[in-house]
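See below for the structure under consideration.
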Amino acid sequence: MFIVDDDASFLRSVSRLLGAVGYSVEAFVCAQDFFARSAPERPGCVVADLQMPGINGLQLQEALLRSANPLPVIFLTGQGDIPTTVSAMRSGAEDFLTKRAPRDELLAAVERAMERDGRERQRRVRHLELSRRVAELSVREKEVLGHVVRGQMNKEIAADLKINVRTVKLHRTNITRKLNVQSVAELTRLADETGLFKTPPENRAV
Amino acid sequence: MAGLLTFAWMCIMTPRAVAQGTEGANFSSAKHVLLIFSEARDLPGNVMMEQSVRAEMLKNSTNRMEFFTESMDAARFPSPRHYRLFHDYIKNKYAGQSLDLVIMFMARDFMLARELPTALASNVPSIFVVVNDLDAPVLPGHQQYTGVFQRFDVQGTIQFIFHLQPETRRVVVLSGTSKADQAVLDRIADTSRSVDGVDFEFWTNRSMSEIYEDAKKLTAGTVILIGSMQRDVSGEPIYTSQVARMLAPAASVPVYVLGAGSVGSGALGGDVVDFDDLGVSAGKLAERVLAGTPTSQIPIEMKSNGVPMVDWRAMQRWHIKSSRLPAGSLVRYQPQSLWESHGDFIVLVGFGFLAQAITIAALLVQRGRQRRAEAEILKQRTELAHVARVSMMGQLASALTHELNQPLGAILRNAEAAEIYLQGDQPNLEEVRAILTDIRRDDKRAGNVIDRMRSLFKRQKLASGTLDLRDLVEDTMAMARPDAAQRQVRLKLEISPHLPPAQGDRVHVQQVLLNLILNGMDAMKTIPKSRRSLTVGLDKTANGNLQVTVSDCGTGVTPDDAVHIFEPFFSTKSNGMGMGLAISRTIMEAHGGEIWMKSNAMEGTTFTFILPPSGFDKVRPGDLPGLS
């Protein structure tokens with residue numbers, strides 16, 4: 001649980017509350033400090049003040065989204081005006097609360113953010129794992145895989161690639177083995193889940 | 001002289017006339033009123049009624065009035081064919097014209113009332129103005145009218161005769177032969193029976209020329225009373241006023257009449273029908289109807305009293321003393337007295353004396369009034385400054401909410417955390433104690449925000465005192481800081497060390513400074529965020545005054561705007577009221593201080609104000625920049 005707020009007193013109070021309900025909390029008085037000191041790849045979520053001198057809340061979220069560890073961000077603000085709220089929610093803020101929001105709302109928001117981080121993290125791990133395995137495939141196997149996830153039959157693939165149907169079957173066996181999946185159905189689901197093959201493999205650098 | 005006086009009178013009257021003109025110029029809802037006369041329009045009675053009814057309606061109306069006038073001239077064109085033509089003429093002429101009211105003036109009979117409404121739109125309300133002794137018409141299914149029914153005051157006129165001429169022993173009564181004439185004649189005859197010792201003679205079967213000749217030969221103790229004469233013995237149409245004009249100058253005895261229209265003909269007078277008054281009554285009815293009162297709800301007004309009225313010239317002719325006139329008599333055609341003919345000259349001379357006296361008195365009064373006016377201005381200035389201050393705080397409200405929510409949020413979170421700590425078996429009392437310390441500190445912080453604002457919301461008189469400007473500037477900056485953070489403006493403060501105190505009112509000076517800071521931030525709205533910075537400086541001038549500068553790097557002020565920038569209601573901002581700087585200047589004037597602006601060499605503008613040092617009520621001279 002990372003908390004970023006330029007108001008030292010408020011930072012301390014939120015840290016205390018979230019610490020008391022059982023989160024492990026790290027507090028930062030500015031965004032620069034957060035990026036310098038927080039280790040990448042650590043799970044959790046960020047609770048940030050929207051208005052801060054230097055890098056403000058929205059800029060922090062932007063930088064975080066571009067990083068390798070895009071943690072969900074909950075914004076706290078002294079007063080949420082509509083344009084800022086819209087802008088924050090558009091760029092994917094988990095939640096947007098005033099500093100005096102009821103405790104349950106704050107904790108529920110933190111809970112949701114944590115869950116989302118867990119989900120996203122799992123997805124990213126699977127994605128990473130899958131792309132690592134896909135990298136092990138030969139050029140021809142990648143071609144075949146591209147056609148398979150688009151739902152083409154062996155005959156169609158053979159015709160498209162101008163190869164024998166049996167050769168296609170052989171490639172498919174190799175693909176399921178190398179990617180460590182049990183069936184084409186699982187393969188398609190994985191592809192869908194990770195978004196790995198949304199564009200045809202031949203246009204994509206893996 | 002008269003010209004001069006007229007001019008002076010016009011000067012006095014003109015503003016009122018102008019005011020009436022603008023009130024009357026409501027062109028959005030014109031009222032259309034049709035006036036229909038059964039007789040010729042130029043009969044004296046009709047002229048009087050038309051004038052007074054119009055004048056009365058225009059007097060109080062806020063609407064534009066459009067009058068249409070028609071006359072049927074029924075006495076001279078009595079045939080039914082003419083009547084039908086008139087009916088069709090009205091029907092066709094006003095077919096496309098919306099009318100709000102029809103006023104019908106009827107002397108002869110009620111033909112107009114009975115027949116004419118079918119020529120007009122059915123929903124147009126009507127007012128009947130009736131001058132005769134006929135019974136009011138029963139108009140089945142015709143409820144859309146009200147009116148004034150005027151009877152001739154026969155009894156009053158006979159009494160009037162004996163008032164003026166108690167020696168009268170013989171009354172010659174003239175009457176026409178129409179139905180309406182006959183009704184009046186009947187009443188005269190009725191009344192005559194109750195008068196003892198006086199001989200009433202009814203000349204109803206003589207031609208006009210016979211009457212004319214016989215009237216010349218009447219002897220003293222006799223008077224002539226002309227009743228109603230619409231038609232002579234041969235059946236020719238005639239008018240009462242015509243008869244009076246022909247007869248009265250030639251007659252050897254005074255002639256009395258029943259209508260004001262015949263006064264001026266040479267007749268002596270009578271207890272007459274006052275057509276002006278009748279017109280006013282009709283006009284009042286018309287106003288009510290136009291204002292929306294249904295005619296069915298306005299009862300018909302029956303009038304039977306006349307007004308005692310005499311022709312002054314006829315009184316001279318018959319040697320009748322004005323002491324004989326009954327109270328309330330109207331004397332017409334009386335030449336003007338010295339006062340009346342040269343009154344303007346007398347007034348002018350008197351005016352001259354009076355003016356002198358007034359001037360002297362006014363000069364004495366003026367001094368006291370000026371003092372009171374100054375006090376009033378000061379009071380209004382204080383009020384205005386307060387309003388501007390409150391409105392300025394409104395601008396800061398969003399930022400102040402943030403400023404308050406920060407400590408309040410911290411207090412809330414700390415309290416929640418403390419609750420959880422205390423729920424455990426082994427409460428961490430050390431931590432709870434730290435929390436309580438934090439809560440107290442945050443509470444103080446929130447309190448400070450409120451305190452800073454509160455003084456500015458108070459309505460108070462200018463109270464000059466020793467002023468620590470450093471404290472004031474820092475406080476004001478603190479107030480503006482949250483707003484500056486929202487607008488991403490950097491606030492900088494440059495204060496010289498060892499400054500003496502100034503003389504002034506804390507709240508008002510703070511208002512001026514806050515206004516300048518907010519203006520400065522507004523001026524930087526359109527420049528890139530990285531360059532938005534505002535510097536407040538506090539220093540002592542070479543002449544020993546205290547000087548505060550507010551410098552922005554905004555879009556600047558054009559030379560044209562700079563000339564007007566301190567004027568009320570001048571604003572370059574789309575949502576600006578244009579009062580901020582005007583009030584600031586007023587405040588500075590009240591402090592014996594100065595405020596001015598100067599464009600910066602590079603970009604933006606610097607506003608400077610100077611205050612006198614403590615103990616002085618005016619800044620020391622020499623600090624004002626030249627006009628460069």
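The values are calculated or read from the model by the stated rules, or taken from the named source; none is laboratory data. Since the structure is predicted, the reported quantities are computational estimates derived from the model, not experimental observations. Note that each Cβ is placed from the backbone with ideal geometry, even for glycine, and that neighbours are counted across all protein chains shown. SASA here: full protein model, heavy atoms, side chains in, ligands and nucleic acids out. Shrake-Rupley method; radii C 1.70, N 1.55, O 1.52, S 1.80 Å.
Points worth noting:
- For B:S71, the residues whose amide H sits under 5 Å from its own are B:F37, ignoring neighbours fewer than 5 places away on the same chain, with H placed 1.01 Å from N.
- Rel. contact order, % - alpha carbon contacts under 8 angstrom, at least six apart, chain B: 9 percent
- In order along the stretch B:557-565, phi translates into HN-Hα couplings of 10, 6, x, 5, 5, 4, 5, 9, 5 Hz, rounded to whole numbers, per the Karplus curve 6.51 cos²θ - 1.76 cosθ + 1.60 with θ = phi - 60° and x for Gly and Pro.
- The fraction of accessible area contributed by carbon and sulfur in chain B is 55 percent, rounded to a whole number (1.4 Å probe; ligands and nucleic acids excluded).
- Among B:I595, A:I163, the order of accessible area from largest down is A:I163, B:I595, computed with a 1.4 Å probe on protein heavy atoms.
- Solvent-accessible surface (1.4 angstrom probe) belonging to B:E210, in square angstrom, nearest 10: 90 Å²
- Between the residues A:L65, A:M153, A:A93, the greatest Cα displacement towards the positive end of the dipole of chain A, with unit charges on the Cβ of Lys, Arg, Asp and Glu, is found for A:M153.
- The distance from the alpha carbon centre of the stretch B:23-89 to that of the stretch B:514-586 is 66 Å, rounded to a whole number.
- Between 0 and 90°, nearest 10: helix B:80-93 axis offset from chain B longest Cα axis: 10 degrees
- Counting only protein heavy atoms and a probe of 1.4 Å, the accessible surface of chain A is 53% carbon and sulfur.
- Only protein heavy atoms count here, probed at 1.4 Å, and on that basis chains A and B bury about 2000 Å² of accessible area in total.
- Taken over the protein assembly as shown, the alpha-carbon convex hull comes to 382 cubic angstrom per residue.
- Most to least accessible of B:D522, B:D181 (protein chains only, probe 1.4 Å): B:D522, B:D181
- Other protein chain Cβ atoms within 10 Å, averaged over every residue that makes up A:12-25: 5
- Placing A:R42, B:R454, B:R231 in order of accessible area, with the largest value first and a 1.4 Å probe, yields B:R454, A:R42, B:R231.
- Taking A:Q51, A:Q182, A:Q59 in turn, the Gaussian network model of chain A (Cα-Cα springs below 10 Å) assigns the largest fluctuation to A:Q182.
- Cα shape, the stretch B:67-107, gyration tensor, a/c 1.5 rule: oblate
- Contact residues in the stretch A:99-115 (at least 30 Å² less accessible area with all protein chains than alone, 1.4 Å probe): A:K99, A:R100, A:R103.
- Panel note: contact residues of the stretch B:402-416 (accessible area lowered by at least 20 Å² against the chain on its own; 1.4 Å probe) correspond to B:H402, B:N405, B:Q406, B:L408, B:G409, B:A410, B:L412, B:R413, B:N414, B:E416.
- When the stretch B:234-344 is described by a simple charge dipole with +1 on each Lys and Arg Cβ and -1 on each Asp and Glu Cβ, the residue from B:Y333, B:I298, B:V280 located farthest towards its positive end is B:Y333.
- Computed accessible area, B:E419, all protein chains, 1.4 angstrom probe, square angstrom: 100 Å²
- Among the listed pairs B:K31/B:K59; B:K31/B:K303; B:K59/B:K303; B:K91/B:K284; B:K31/B:K284, those whose Cα-Cα separation exceeds 18 Å are B:K31/B:K303; B:K59/B:K303; B:K91/B:K284.
- Loop-located trypsin sites (Lys or Arg not before Pro) in the stretch B:253-328, at most 14 other Cβ atoms within 10 Å (DSSP): B:K321
- Under-5 Å amide H pairs with B:F202, H placed in peptide plane, nonlocal only: B:V173
- Placing unit charges on the Cβ atoms only, positive for Lys and Arg and negative for Asp and Glu, gives chain B a dipole magnitude near 1020 debye about its Cα centre.
- In the context of the full set of protein chains, the protein assembly as shown has a per residue accessible area of 51 Å² (1.4 Å probe).
- Acute angle (nearest 10 degrees) that the helix B:469-487 long axis makes with the longest principal axis of chain B, alpha-carbon atoms: 80 degrees
- Shown in residue order for the stretch B:97-106 are the 3J(HN,Hα) couplings computed by the Karplus curve 6.51 cos²θ - 1.76 cosθ + 1.60 at θ = phi - 60°: 9, 6, 10, 9, 6, 10, 10, 10, 9, 10 Hz (x for Gly and Pro).
- Residues whose amide H comes within less than 5 Å of that of A:V21, counting only those at least five positions distant or on another chain, are absent (H built at 1.01 Å from N in the peptide plane).
- The stretch B:421-450 and the stretch B:202-218 have Cα centres separated by 121 Å.
- Accessible surface of B:W312 - all protein chains present, 1.4 Å probe, nearest 10 Å²: 70 Å²
- In sequence order, calculated HN-Hα J values of the stretch A:102-112 (Karplus, 6.51, -1.76, 1.60; Hz; x Gly/Pro): x, 4, 4, 5, 5, 5, 4, 5, 5, 4, 4
- Ratio of Rg to Rh over chain A (Cα coordinates, Kirkwood Rh, two decimals): 1.16
- The angle between the Cα long axis of helix B:580-590 and the main principal axis of chain B comes to about 80°, on a 0 to 90 degree scale.
- The value of relative contact order for the stretch B:461-558, using C-alpha pairs under 8 Å at least six residues apart, is 32 percent.
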